[in-house]
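The values are calculated or read from the model by the stated rules, or taken from the named source; none is laboratory data. For clarity, every value in this text was computed on a predicted model and none was experimentally measured. Cβ sites come from the backbone with ideal geometry, for glycine too, and all protein chains shown count toward neighbours. Side chains are part of the model used for accessible areas, which takes the heavy atoms of the whole protein and leaves out ligands, DNA and RNA. Shrake-Rupley method; radii C 1.70, N 1.55, O 1.52, S 1.80 Å.
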Amino acid sequence: MGGVERSIWIVHYDASSCNGCDIEVLACLTPVYDAERFGCIVTGDPKQADLLLVTGGVNNRNVEVLKSIYGQMPEPRAVVAIGACAYSGGVFSECYNVCGGVATAIPVDVYVPGCAAKPESILDGVLRAAAILKERRVALRSAPRNAKKGSTEEGARR
Amino acid sequence: MSGSPNAGPGLTVIPFGPQHPVLPEPLHFDLTLQDEKVVDAIPQIGYIHRGLEMLVEKRDFTDYVHVAERICGICSFMHGMGYCEAIETIMDLTVPDRGRWLRTFWCELERVHSHLMWLGLAADAFGFENLFHATWRAREIVLDVAEETAGGRVIYGSCIVGGTSTNPENETLDRCVKELSKVRAETIRLAEVFIGEPTVRHRLEKVGVLGRGKAYALGAVGPMLRASGVDYDMRRKGYEAYPELTFATMVETSGDCMARAKVRIREIDESLRLLGEIVARMPGGPVAVPVKGAPEGEGWVRVEQPRGEALYFVRANGKRNPERFRVRTPTFANIPAMVEVMVGSQLADVPTIILTIDPCISCTER
């Protein structure tokens with residue numbers, strides 16, 4: 001299991017962010033910050049991902065896309081909401097087309113502060129989520145097989 | 001697969017996006033394919049629409065700069081500046097010399113950061129991971145300079161109505177220019193790979209060709225237009241300190257993806273040269289004028305962003321909250337040209353073609 005702990009596959013979705021947090025997420029993956037030293041790589045496929053990074057608030061058009069990406073991810077899974085918009089809508093919270101933070105659509109495990117969030121804090125958020133993933137993996141393993149689905153109520157953590 | 005309701009016989013419709021590995025942003029296309037060839041592309045938008053233009057009615061006109069900056073995090077400074085300039089036109093404010101030159105400094109810095117970012121993403125789109133990482137490493141120096149002079153890495157927050165809010169010391173600026181000379185050396189090295197490497201040329205040359213007449217007729221802007229041989233640059237209209245600077249406009253004639261890459265690579269070099277000149281000639285004095293009263297009337301400005309010409313319009317009625325704000329962004333202007341280029345291309349080239357217009361969906365949908 002130690003190997004899996006250090007091999008976190010990330011899927012990134014831009015809900016309605018201004019791109020500021022998105023390019024900082026990408027900056028995390030490039031040589032200066034290098035998330036790969038913690039075993040993180042980005043995948044485009046939600047079905048193979050452990051961790052969902054969401055930037056920006058939720059609007060009426062992308063709420064279904066976000067739920068669908070989350071739904072495709074296998075358990076155990078965790079969600080990191082990056083930036084002020086992902087928390088509450090941020091500077092756009094009063095806009096007519098913004099419903100609010102990511103938590104209005106899917107359960108969130110870790111919030112990363114900042115507008116735009118800095119790469120250091122994004123990495124911190126990813127590592128915190130990795131710890132949560134580890135707990136969930138242990139819980140999944142130890143749970144009786146027929147009760148597997150109910151044992152990891154994602155929303156209960158919030 | 002050809003059972004899709006929209007497709008004719010022998011045609012397949014495949015969705016591209018909104019969550020797609022090569023694009024950090026949600027852009028959605030319905031691509032109609034005949035075998036591997038794209039015969040039709042229909043863009044679907046709205047995934048990042050927030051409605052921030054309407055927010056201007058709820059915000060004080062001096063506070064709205066923060067929202068305007070967040071139209072897009074990649075060209076954030078220029079969005080803030082465009083809004084400020086529009087308000088300054090209405091209120092007849094004259095920004096002090098140092099304020100104007102500092103704004104120009106940040107504009108050019110943003111162009112370097114944006115083009116380097118684009119080069120990296122383009123390399124990622126055609127699967128050259130190593131080049132992607134090398135480009136983004138060079139770009140980090142630019143972000144460090146931005147953080148040191150303005151205060152933020154991507155959202156600068158240094159532009160206010162009437163001037164700038166931060167005033168970096170001349171010694172800091174001199175040191176920054178020294179740092180940026182490293183970026184220049186690195187760009188020359190990267191350009192060799194981009195222009196000379198056969199694998200890169202194979203993916204970019206003669207792909208997505210946009211002719212001069214089509215580019216002009218479809219209203220393309222920025223590097224997309226200049227790569228098709230039209231010499232068009234809003235900076236020459238003269239705003240901020242540009243009338244006092246001489247600079248070259250980069251024009252290529254072949255109109256393919258490689259031409260667009262070349263235009264951007266040459267613009268990075270020219271912008272880095274301009275940054276040195278701006279710092280050498282940086283005037284002293286105050287950076288901002290006090291703002292009294294509220295705007296009344298209409299004002300609009302055009303600025304040259306990394307992606308092309310952007311237009312900002314503000315109408316105000318003498319109250320603290322303006323009535324209307326409108327921005328036309330370069331990606332919006334480039335989408336018709338992109339769709340034109342995509343039709344007839346190979347499916348494998350679609351990510352490269354989308355990337356070569358340097359799409360900024362956050363700007364487009366606002």
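No other residue among B:229, B:157 is in contact with a Gly (Cβ under 8 Å, 6 or more places away or on another chain), open to solvent by 10 Å² or more (accessible area, probe 1.4 Å) and within 14 Å of chain A (Cβ to nearest Cβ) apart from B:157. Residue A:54 fulfils the conditions (1) farther than 18 Å from residue A:129 by Cα; (2) out of contact with any Lys or Arg (no Cβ under 6 Å at 6 or more places or on another chain); (3) within 12 Å of chain B (Cβ to nearest Cβ) except for a single criterion, (1). Which one is farthest from the other protein chains (Cβ to nearest Cβ) among residues in region A:64-86 that are open to solvent by 30 Å² or more (accessible area, probe 1.4 Å) and under 15 Å from the mean Cα position of the chain (by Cα)? Among those that are open to solvent by 30 Å² or more (accessible area, probe 1.4 Å) and under 15 Å from the mean Cα position of the chain (by Cα), it is A:75. Of the residues B:135, B:149, the single one that is among the polar types (S, T, N, Q), in contact (Cβ under 8 Å) with a residue 12 or more places away in the chain and more than 9 Å from every other protein chain (Cβ to nearest Cβ) is B:149. Taken over region B:59-109, the criterion of being over 17 Å from residue B:304 (Cα atoms), in a helix (DSSP H, G or I) and more than 14 Å from chain A (Cβ to nearest Cβ) is satisfied by B:87, B:88, B:89, B:90, B:91, B:97, B:98, B:99.
Return yes or no: is residue A:22 within 13 Å of the chain's Cα centre (by Cα), at pLDDT 85 or above and at the interface with chain B (Cβ under 7 Å from one of its Cβ atoms)? Yes, satisfied. Out of B:237, B:206, one residue alone is touching an Asp or Glu at 6+ places or on another chain (Cβ under 6 Å), among the basic types (Lys, Arg) and open to solvent by 20 Å² or more (accessible area, probe 1.4 Å). It is B:206.
Can we say residue B:304 is under 30 Å from residue B:179 (Cβ atoms) and either part of a strand (DSSP E or B) or polar (S, T, N, Q) (or both)? Yes: the conditions hold for residue B:304.
Out of region B:102-118, which residues are farther than 17 Å from residue B:148 by Cα and either surrounded by fewer than 24 Cβ atoms within 10 Å (Cβ to Cβ) or over 9 Å from the mean Cα position of the chain (by Cα) (or both)? Passing the criteria: B:116, B:117, B:118.
You will find that of B:264, B:307, B:302, B:273, the residue that is under 16 Å from the mean Cα position of the chain (by Cα) and open to solvent by 50 Å² or more (accessible area, probe 1.4 Å) is B:302 and no other.
Considering region B:29-58, and only residues there that are outside any loop (DSSP other than H, G, I, E, B) and within 9 Å of chain A (Cβ to nearest Cβ), the residue that is least open to solvent (accessible area, probe 1.4 Å) turns out to be B:55. Residue count for region B:111-168 under the criterion of being in a helix (DSSP H, G or I) and over 30 Å from residue B:201 (Cα atoms): the result is 6. Just one of (1) touching a residue at least 12 places away in the same chain (Cβ under 8 Å); (2) within 10 Å of another protein chain (Cβ to nearest Cβ) fails for residue B:140. It is (1). For region B:209-225, what are the residues that are part of a helix (DSSP H, G or I), of a type in the set (A, V, I, L, M, F, W, C) and open to solvent by 20 Å² or more (accessible area, probe 1.4 Å)? Correct list: B:217 only.
Return yes when residue B:242 is open to solvent by less than 20 Å² (accessible area, probe 1.4 Å), at pLDDT 85 or above and either at negative phi or more than 18 Å from the chain's Cα centre (by Cα) (or both) and no when it is not. The answer is yes for residue B:242.
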